[in-house]
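The structure under discussion appears below in the form of C-alpha cells.
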Amino acid sequence: MLSSNPKVWKTDKSMNRMDHSGESGIRSVQIAGADPELMAQAAQFNVQNGAQIIDINMGCPAKKVNKKLAGSALLQYPDLVEEIVQAVVDAVEVPVTLKIRTGWDPEHRNGVEIARIAERNRIASLAVHGRTRACMYKGEAEYDTIKAIKHSVSIPVVANGDITSPEKAKQVLEYTGADAIMIGRAAQGRPWIFREIDYYLRTGKHLPTPEVSEVRSILMEHLLNLHQFYGEPMGARIARKHVSWYLQSHDQEGQFRRVFNALETPEAQIEALENYFETLAAN
C-alpha cells in the first residue's frame, strides 16, 4: 500500500514498497488517499514503475489513514468515492480494482451503494471485508452484506474477513456466492494456507500439516530475504513479527520468541533459529 501523497514517495519505506525487482506473478499496487487528482497521479506513477493492477484502498481502518480521510473513512462520502474511482480509472489503462469494508459503522452499511458506484465506473473487481470501519478487527466478520453486494452487481466480488481454514473458505464462497476469497491475517506465518484451501475446494480432503523440516525451510528463506531486502538494522527488526507468527503453534508458551525478539543482528537470529529447529527435530 502506497500513499497518494507524492511528498512521501522518496522515503525509504515507500522506495522499498515500490521496488518490484525479482517479483513473480502479477504486480498489484494499492494506493491510498482522498484527493481524486493525487490518486490519479499516484496510479499513473505506479503503472510507469511496473504496476500491472492498481487497487484503490477504501478498506483500511487504521486511525493514521482514516484521519486523512483515506481508507475506509471514504465510505462516509459516496460522492467522493465516485470522484476518486472515476479519476483513477480514467488515468490508467491497466485494470483498477477496489477494496472496501461493508460500511462506516453497523448503522451505516452502505456496501451495496459503493459496489454500484464501482461497477458503473468500470472497476474491474471488488474485494469486501466483512466488517465496518468501526468494527476494526473485533468480533466476527459478517457475510450478509457481501452476499447482498454479489447479488447487486455483475463485476467479480471477492469475500474477505476471518477466512482461517479450508472449511471456512468453502462456507463463505457458498454462502455469499462470491467469485473468490481473499486471505489476510490467516496467512501470517502460515503461507501454506493457500494450497490447503485450494486442495480442499478441489477434493474435499485435507492436506497433511507441513513437517517441521518444511516450516524450517520456508521460514529460513523468508528470514534471509527480509535481511537482504531491508538491510541492517531494519531487516532484523521486521523479522521478529514474522518469526513469531510462524512459531505460534510450536512455541506456544512464547519462551523462544521472547529470546529471539531481543536479538539485534541477522547473524544472531539465524544462529538462534538453526539451534531451535535442531532441538525441535531431536524431540
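The values are calculated or read from the model by the stated rules, or taken from the named source; none is laboratory data. Since the model is a prediction, treat every value here as computed from it, not as a measurement. All Cβ positions, glycine included, derive from the backbone under ideal geometry; neighbour counts span all protein chains shown. SASA here: full protein model, heavy atoms, side chains in, ligands and nucleic acids out. Shrake-Rupley method; radii C 1.70, N 1.55, O 1.52, S 1.80 Å.
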Averaged per residue, what accessible area in Å² does the range 167-235 show with a 1.4 Å probe, protein chains only?
60 Å²
For a bin width of 10 Å, list the pair-distance distribution of the chain built from all Cα-Cα distances, rounded to whole %.
6, 24, 30, 26, 11, 2, 0
Surrounding net charge for Asn261, when Lys and Arg each add one and Asp and Glu each subtract one, Cβ distance under 11 Å
+4
Rg to Rh ratio, the range 2-162, alpha-carbon atoms and Kirkwood radius?
0.96
Low-density loop cleavage sites - GluC sites (Glu not before Pro) in the range 74-176, where at most 16 other Cβ are within 10 Å (DSSP):
Glu93, Glu107, Glu140
Within the chain, excluding any trypsin sites (Lys or Arg not before Pro) found in a DSSP loop (not H, G, I, E or B) and having at most 16 other Cβ atoms within 10 Å, the longest uninterrupted segment runs 206-283
Restricting to DSSP loop positions (anything but H, G, I, E, B) with no more than 16 other Cβ atoms inside 10 Å of their own Cβ, which chymotrypsin sites (Phe, Trp or Tyr not before Pro) remain in the range 180-283?
Trp192
Using a Förster distance of 41 Å, how high is the FRET efficiency between Ser24 and Gln86, based on the Cβ-Cβ distance and rounded to 0.05?
0.80
Low-density loop GluC sites (Glu not before Pro), the range 223-282, at most 10 other Cβ within 10 Å, DSSP non-H/G/I/E/B, are Glu253
Nearest 10 degrees is fine. How inclined is helix 36-48 to the longest principal axis of the chain, computing both from alpha carbons?
50 degrees
Once phi is turned into θ = phi - 60°, what whole-Hz ³J(HN,Hα) does the Karplus curve with 6.51, -1.76 and 1.60 give for every residue of the range 156-170, x standing for Gly and Pro?
x, 10, 10, 8, 9, x, 6, 8, 10, 8, x, 5, 5, 4, 5
At what distance in angstrom do the alpha carbon centres of the range 205-271 and the range 119-138 lie from each other?
32 Å
Measure off, as a whole percent, the carbon and sulfur share of the 1.4 Å-probe accessible area of the range 106-207, all protein chains present.
50 percent
According to the Cα gyration tensor, what semi-axes, each the square root of 5 times an eigenvalue, does the equivalent ellipsoid of the range 158-279 have, listed from largest to smallest in whole Å?
32, 16, 12
Pairwise over distinct Cα atoms, reciprocal of the mean inverse distance: report the Kirkwood radius of the range 35-74 in Å, one decimal place.
10.9 Å
